Amino acid sequence: MADGRWSMTENELNSVAGGFQVRDHQALPNYKKHRKVNDLAGDAPRICAFCGSTNLEEGFGGYAPGFQYKSAFCNECGGSTDFVFQDDEHRYF
């Protein structure tokens, strides 16, 4: 820091992070619920499968024999939409 200190006082921290709000995702109605959306054609709209919101945070996904999915967490209702697509690279059959 410019003043030679390595730590911040609580007042300094609150003034820096004043606009940050923590949202309690566990209180949302669809928290930890998942729905799959068929995106084999690659043109599925990026909306929540539960509430239709576009306020999504896309993250990691996974794969199984013949397909992959990309998950998106909805900041409005807490549900996770799994966009399923074809995985030609990891075919097991």
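The values are calculated or read from the model by the stated rules, or taken from the named source; none is laboratory data. Note that the structure is predicted; figures quoted are calculated from it, not measured. We place every Cβ from the backbone using ideal geometry, glycine too, and count neighbours over all the protein chains shown. Each accessible area value is taken on the protein alone, full model and side chains, heavy atoms only, with ligands, DNA and RNA left out. Shrake-Rupley method; radii C 1.70, N 1.55, O 1.52, S 1.80 Å.
Overview of results
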| quantity | calculated |
| --- | --- |
| Neighbours by Cβ (under 9 Å, 6+ apart or cross-chain): first from the stretch 9-30, over 30 Å from residue 48 (Cβ atoms); second modelled with pLDDT under 70 and open to solvent by 60 Å² or more (accessible area, probe 1.4 Å) | 16/8 |
| Unique match (being on the phi > 0 side of the Ramachandran plot, modelled with pLDDT of 90 or more and either surrounded by 13 or more Cβ atoms within 10 Å (Cβ to Cβ) or of a type outside the set (A, V, I, L, M, F, W, C) (or both)) among 42, 66, 78 | 78 |
| Pairs with Cβ under 8 Å, 6+ apart, first in the stretch 52-79 and within 15 Å of residue 35 (Cα to Cα), second among the β-branched types (Val, Ile, Thr) and part of a strand (DSSP E or B) | 56/81; 68/84; 69/84; 71/81; 72/81; 74/81 |
